[in-house]
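What follows is a set of notes on a single structure, which appears directly below.
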Amino acid sequence: MRGVYVGIDVGGTHTDAVAVEGTRILHKVKVRTTESLKECSLQALRELLEGVSTQEVRRVVLSTTLVTNSVVEGKLEPAGMLVTAGPGMTPGPLLPHEGARVVPGAMDHRGREIVPLDEEAVAGHLDRFHAEGLRVLAVAGKFSVRNPTHELRIAELAGGRFDYVALGHALAGALNFPRRAATAFLAASVWRRHHRFVTSMTEALESYGIRAPLYLLRADGGTQLAGSFRNPAEGSLSGPAASVMGVQALDAVGEDTLAFDVGGTTTDISLYTRGLPLLEPRGATIGPHRTQIRSLYTRSQGAGGDSLVQAQGGRIRVGPQRLGPPASLGGEHPTPTDALVLLGRALGDRARAEQALVPVATALGTGVEECARRVLRTLGREIAAGARAFVEAVNAKPVYTIHELLDGHKVRPVRAVAVGGPARAIAPYVEEALDLPVAVPDHFDVANAVGAALARVNLEVNLVADTALGHLSIPEAGVYRELSGRYSREDARAEAEGALLALAREAGVLDPHAVPEVAEEESFQIVEGFSTVGSVHRLRVQIRPGILGRIA
């Protein structure tokens, strides 16, 4: 690493920024998150640049809640949606959008057209979408990753009437029609907000004299040049991904390890086995949308430093609501942070913290300091319960790391790492409730920003070569071509790796230590009658998510 790497993480409560040079953190800042993600990101950057030369900055990486907020707050742009499914299938209940329209047309699982596209029906729906004022469009075909002809033709028919057209085959290369349809819908619905945000942030960096490129963090912990995103929705869940990468940068995660990122509203929980984080087996779930977006496997527990504290039935309840900042920091309701302030373990207005907690203590029939200790023990138990449920869920199905499938492996954490603003103060209560040692690394308070700064470029591609039909597809690279019957598994590996590296160079500066690796591979023969007529080779090749270096 040469020069300064800047990471900015926009959380629900705070926006953190760090400047990393080599193995050390040069400067770090923390500001309040505002309704405008651009405003708080730029405020954090301005304060960070007070201690860093803009001439030394080599890249800026943003982890934002833009996509997640759009879903949670119901701010998705209405999108037209067309799907082709084929005979014998009623896709309606599987589609992500009640306004989606099914048009005749189908490919089979090997990419052969079995029902021609009804172009007249397509044109009719496109006219209606446009007349209704829709300006973004999502298109998904059941086997479009094997043959995208129908999706491409629909895009042609749409012409220039739509500002953005999301084609399912270009967003995810693996089979799973409902998830690919959901991915296309979400990509179309967040495109405009993503485009405006990236444009405004790029202009802001230039106005500050920063010539370094802007990257965004994706849900799988990889970074990518902001201007090269084919799927704007891939920026979802980047907060938990930043946390996972940040823990790797701050701690030597070598054994089965739990990690907690204690935020204001929630605590994000993740797991590492054999030193690697886990992947969602089939893709991210963002609100009600089950997508094919590759993401790290994390879960959020609805309890954090700013969670509402109540007395109910003689017991303390922490979360899941958050009703503004802690009383000790200007809010109106008691929170775990107020308990920390009252006990002298965090900064804030102690008198306001006590005033907020008195009604809870009175309801419990105890002193206010004992009430504060009970609040923190309750928070520790909430986080520990979430962690146990998470481990149980992981062990109920095959474990996927970013490297391989560990079939039959049972995760048994032997330690935990806590990061996030209140991590150091809350760690003892989690340790007591979980009965595991909990480490709190240096710079725990800005771990997510560190993870964003140091996450490296990564990608994956899926290749299918069918020598019997003479077809080859690599959807992520837009490669669909004919091939000869002599095409071998070795040829497939070489072509997939070449396509992956070409895509990765478009996505940003590659880590020289990041090499393509085969994550999944299978080959089988095609027999027709009594003769072998060819082979099918399927590969998934990736540059795995990882960090560029560790903080000393």
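The values are calculated or read from the model by the stated rules, or taken from the named source; none is laboratory data. Note that the coordinates shown come from a computational prediction; the quantities given were computed from them, not determined experimentally. We place every Cβ from the backbone using ideal geometry, glycine too, and count neighbours over all the protein chains shown. Quick note on the areas: whole protein, heavy atoms, side chains included, nothing else; ligands and nucleic acids left out. Shrake-Rupley method; radii C 1.70, N 1.55, O 1.52, S 1.80 Å.
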(request) Answer yes or no as to whether Thr202 is closer than 28 Å to Arg290 by Cα, in contact (Cβ under 8 Å) with a residue 12 or more places away in the chain and among the β-branched types (Val, Ile, Thr). (result) no
(request) Being assigned to a strand (DSSP E or B) and open to solvent by 20 Å² or more (accessible area, probe 1.4 Å) is the filter; apply it to segment 1-15 and report the residue that is farthest from Gly51 (Cα to Cα). (result) His14
(request) Could you tell me whether segment 16-36 includes any residue that is under 19 Å from the mean Cα position of the chain (by Cα), part of a strand (DSSP E or B) and either more than 17 Å from Thr223 (Cα to Cα) or at pLDDT below 85 (or both)? (result) yes
(message) Please determine whether any residue of segment 222-242 is under 30 Å from Glu506 (Cα atoms), of a type in the set (Lys, Arg), open to solvent by 10 Å² or more (accessible area, probe 1.4 Å) and out of contact with any Phe, Trp or Tyr (no Cβ under 9 Å at 6 or more places or on another chain).
(response) yes
(message) Name the single residue that is most open to solvent (accessible area, probe 1.4 Å) among those in segment 90-108 being closer than 16 Å to Ala182 by Cβ and modelled with pLDDT under 75.
(response) Pro93
(message) Conditions first: (1) within 35 Å of the chain's Cα centre (by Cα); (2) at pLDDT 95 or above; (3) of a type in the set (S, T, N, Q). Gln355 passes all but one, so which condition is the exception?
(response) (1)
(request) Could you pull out the residue among Leu117, Leu126 that is surrounded by 13 or more Cβ atoms within 10 Å (Cβ to Cβ), of a type outside the set (Asp, Glu), assigned to a loop (DSSP other than H, G, I, E, B) and at pLDDT 90 or above? (result) Leu117
(request) Kindly check whether there is at least one residue in segment 517-530 that is open to solvent by less than 30 Å² (accessible area, probe 1.4 Å), free of Cβ contacts under 8 Å to residues at least 60 places away in the same chain and in contact with a Ser or Thr (Cβ under 6 Å, 6 or more places away or on another chain). (result) no
(message) I need a count of the residues in segment 531-552 that are of a type in the set (Ser, Thr, Tyr) and surrounded by 14 or more Cβ atoms within 10 Å (Cβ to Cβ).
(response) 1
(request) Could you run through segment 410-436 and say how many residues are crowded, with 22+ Cβ neighbours inside 10 Å and either in a strand (DSSP E or B) or polar (S, T, N, Q) (or both)? (result) 4
(request) Among residues belonging to segment 349-367 that are buried (at least 19 other Cβ atoms within 10 Å of the Cβ) and touching a residue at least 12 places away in the same chain (Cβ under 8 Å), point out the one that is nearest to Glu332 (Cα to Cα). (result) Ala356
(request) List every residue pair whose Cβ atoms sit under 6 Å apart, with the two residues 6 or more apart in sequence or on different chains, where the first one lies in segment 9-29 and is of a type in the set (Asp, Glu) and the second, anywhere, is open to solvent by 30 Å² or more (accessible area, probe 1.4 Å). (result) Asp16/Lys30
(request) Please find, within segment 265-285, the residue that is modelled with the lowest pLDDT out of those that are of a type outside the set (A, V, I, L, M) and within 16 Å of Val419 (Cβ to Cβ). (result) Thr265
(request) For segment 481-515, enumerate the residues that are open to solvent by less than 30 Å² (accessible area, probe 1.4 Å) and either under 26 Å from Leu214 (Cα atoms) or touching a Phe, Trp or Tyr at 6+ places or on another chain (Cβ under 6 Å) (or both). (result) Ala499, Leu500, Leu503, Ala504, Ala507, Gly508, Asp511, Ala514
(request) With the checklist (1) at pLDDT 90 or above; (2) more than 26 Å from Glu98 (Cα to Cα); (3) open to solvent by less than 20 Å² (accessible area, probe 1.4 Å) in hand, flag the one item Pro213 doesn't pass. (result) (3)
(request) Could you check Glu432 against (1) within 30 Å of Arg180 (Cβ to Cβ); (2) over 30 Å from the mean Cα position of the chain (by Cα) and say which number it fails? (result) (1)
